[in-house]
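Everything on this sheet refers to the single structure shown next.
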Amino acid sequence: MSLTILISLAVALGGEPVPPAVTPTEALALARMLVADNPGRASLTPIGASFSGIPIDVLTISENILTHAQKPAVLLVAGLDGLRPSSVAVSVRVAQELLTNHELLRSTTFYIVPCANPDAYSRVGALCTVDASRNLRPIDEDRDGRVNEDHPQDINGDGAITMMRRLAPPAEDPPTHLPDPADPRLMRTPDATKDLRATHTLWIEGLDSDQDGLIAEDAIGGVEIDRNFPHRWEEFDRAVGATQLSEPESQSIAAFVLDHPRIIAGVVIGRWESLARTPDAQPRDITGKTPLALDGGDRAVWEALGTRWKELAGQARFQECDPSGSLALWLYAHRGIPTFATQLWGRPDPSPAPQPPGEVATTAPAPPLTAANTDDAAWLQWSDRDQGHRGFIEWTPFQHPTLGPVEIGGFRSQFRSDPPPSELPRLATALTTLCSELASKQPRVALRNVSARAIAPGVLELQCEVVNEGWLPTASAMGRINKQQPPILVRLSTPKDHLLSGQRVTLIEGLGGAGDRKHFRWIVRTPAREQTTLEVVWIPAGTQRITVSPDASLSMITVTP
């Protein structure tokens with residue numbers, strides 16, 4: 001079954017609950033199809049397994065799969081967040097589109113992890129709740145000595161887990177919310193200045209399975225993988241893991257990154273957004289040295305790529321998120337890899353409200369009331385006007401066994417976080433273009449303007465420039481701070497006692513983008529028949545080498561992996 005067929009099937013469901021475009025099994029099947037159709041240029045290999053034992057695979061795309069590790073690489077990670085299951089389908093389609101770009105694959109390898117958190121993805125769908133971003137490690141969230149015994153449930157059998165609202169609750173369950181006067185389907189908190197008083201309590205749909213007086217407080221799982229990475233890891237929050245990198249999923253991804261030092265850029269589809277809005281470069285940690293999200297020296301790069309992403313994807317909005325412990329932050333802050341995070345999609349504008357038929361009013365209509373949560377109100381309008389009401393389940397009476405009369409309803413899970421299937425081809429093409437442009441903008445260290453001239457018998461003057469002909473810097477500003485990005489090594493083979501001027505070995509911590517360069521000059525003594533080799537080594541791109549004969553003639557520059 002092809003990806004196009006799967007997406008078409010989902011679109012055909014119309015106003016019905018839309019399932020994930022591709023399940024983990026289907027995603028791997030599609031990836032295997034790509035590998036089978038592109039022998040020698042694609043491979044699918046496991047890099048680890050989830051807590052429950054589901055394989056985590058990487059799809060490698062390169063001109064020659066046997067030499068993929070010898071080229072600079074771009075990393076794309078999807079399927080981290082169970083609330084965005086379509087990211088798996090999108091990542092597979094990106095691989096499909098990249099395989100058609102033979103020229104790009106000659107210079108760059110792409111590593112794509114379609115489903116980095118398969119435990120979370122294995123249970124998404126209509127019954128998905130906020131805990132869907134976690135793996136399946138058992139955690140005793142209510143600390144009663146039992147695990148997963150009181151999780152959200154679809155108790156009214158409508159095929160979704162939503163919310164319960166309880167009108168006029170008893171004294172032991174004081175009201176906290178009221179229906180919003182602008183749209184009673186939405187719930188809001190009271191506002192004493194407007195004489196808005198709480199009338200309802202809100203609960204996630206479920207039962208008091210452990211009879212402790214609370215509803216659905218011990219969900220299934222687990223640890224949120226995209227909060228388990230080291231940078232700004234939030235200690236004492238049970239959802240982020242007992243320790244940094246405590247989970248097999250995060251360990252597998254981190255080990256893969258460490259084993260592939262030629263990754264020059266990354267893109268992560270998940271809960272954080274750093275493309276639709278450039279992160280604030282001002283806040284720093286308690287030491288004042290480490291930026292919380294972005295170093296000011298890298299801001300221009302993020303702004304330029306963010307502008308390009310908004311042009312490609314049309315994404316103007318996103319959900320606010322604290323990126324602490326995220327994969328994207330770890331790749332950038334600890335590894336120095338320019339990594340761009342995207343939620344892939346934001347709230348669209350709803351269509352204009354339909355005009356009621358009839359005579360033209362002679363008086364101006366009263367201005368509409370404004371909902372307390374304008375974003376939720378806009379989502380509701382988009383559901384009503386453009387999505388056949390599929391995003392919101394109307395409040396329906398239900399007799400709860402412990403709460404008594406309640407109403408069950410609210411937004412469907414994933415409706416506000418995952419794009420509809422009809423959007424996936426467009427978003428996949430936008431992401432393919434972004435990844436391709438990252439590859440085309442990669443740092444390109446070149447040995448230029450090499451010259452040699454005899455200035456005395458047996459003495460040569462050598463000069464050269466080491467230039468970054470790419471747009472991205474060889475090391476981000478953060479990479480220079482943490483010193484994790486490989487430096488550029490410039491070295492002469494001349495013995496120390498033959499070097500009259502200049503450094504025999506020099507390390508360049510980094511070159512900025514768009515033509516940044518360093519000039520070098522040496523004076524060397526060259527006995528008869530002794531050649532001098534000038535070598536520039538940068539791990540992501542390999543080695544460039546030129547030899548100089550005693551008569552000052554230059555050999556061809558060679559590039560080796």
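So the values come out like this:
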{"read-out": "Qualifying residue in segment 487-501 (condition: touching a residue at least 40 places away in the same chain (Cβ under 8 Å) and farther than 30 Å from Ser107 by Cβ)", "value": "yes"}
{"read-out": "Yes/no for Val58 being at pLDDT 95 or above, in contact with a Pro (Cβ under 9 Å, 6 or more places away or on another chain) and buried (at least 21 other Cβ atoms within 10 Å of the Cβ)", "value": "yes"}
{"read-out": "Residue within segment 232-247 that is in contact with a helix residue (DSSP H, G or I) (Cβ under 8 Å, 6 or more places away or on another chain), hydroxyl-bearing (Ser, Thr, Tyr) and either closer than 19 Å to Gly48 by Cα or buried (at least 24 other Cβ atoms within 10 Å of the Cβ) (or both) present", "value": "no"}
{"read-out": "Qualifying residues in segment 299-336 (those that are among the basic types (Lys, Arg) and touching a residue at least 60 places away in the same chain (Cβ under 8 Å)) - the one nearest to Trp471 (Cα to Cα)", "value": "Arg308"}
{"read-out": "Scope segment 271-298; condition in contact with a helix residue (DSSP H, G or I) (Cβ under 9 Å, 6 or more places away or on another chain) and not in a loop (DSSP other than H, G, I, E, B); matching residues", "value": "Pro291, Gly296, Gly297, Asp298"}
{"read-out": "Total residues in segment 391-427, condition in a loop (DSSP other than H, G, I, E, B), buried (at least 18 other Cβ atoms within 10 Å of the Cβ) and of a type outside the set (Gly, Ala, Ser)", "value": "8"}
{"read-out": "Of all residues making up segment 316-350, the number that are assigned to a loop (DSSP other than H, G, I, E, B), at pLDDT 90 or above and either within 19 Å of Leu245 (Cα to Cα) or of a type in the set (Gly, Ala, Ser) (or both)", "value": "10"}
{"read-out": "Subset of segment 444-466 (residues that are crowded, with 19+ Cβ neighbours inside 10 Å and within 16 Å of Pro527 (Cβ to Cβ))", "value": "Ala452, Leu460, Leu462"}
{"read-out": "Top-ranked residue in segment 469-499 [being touching an Asp or Glu at 6+ places or on another chain (Cβ under 7 Å) and either over 30 Å from Pro279 (Cβ atoms) or of a type in the set (S, T, N, Q) (or both); ranked as surrounded by the fewest Cβ atoms within 10 Å (Cβ to Cβ)]", "value": "Arg491"}
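Yes or no, residue by residue, for (1) outside the structural domain of Val490 (by TED's automatic domain parsing); (2) at pLDDT below 95:
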residue	(1), (2)
Glu394	yes, no
Ser422	yes, yes
Ala452	no, yes
Val459	no, yes
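Each row is one residue, and each column tells you yes or no for (1) closer than 23 Å to Ala242 by Cα; (2) among the charged types (D, E, K, R); (3) surrounded by fewer than 23 Cβ atoms within 10 Å (Cβ to Cβ).
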| position | (1), (2), (3) |
| --- | --- |
| Val35 | no, no, yes |
| Ser50 | yes, no, no |
| Glu63 | no, yes, yes |
| Leu66 | no, no, yes |
| Arg84 | no, yes, no |
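The values are calculated or read from the model by the stated rules, or taken from the named source; none is laboratory data. Because the structure is predicted, anything quoted here is derived from the model rather than measured. As a convention, Cβ positions derive from the backbone with ideal geometry for all residues, glycine included, and neighbour counts pool all protein chains shown.
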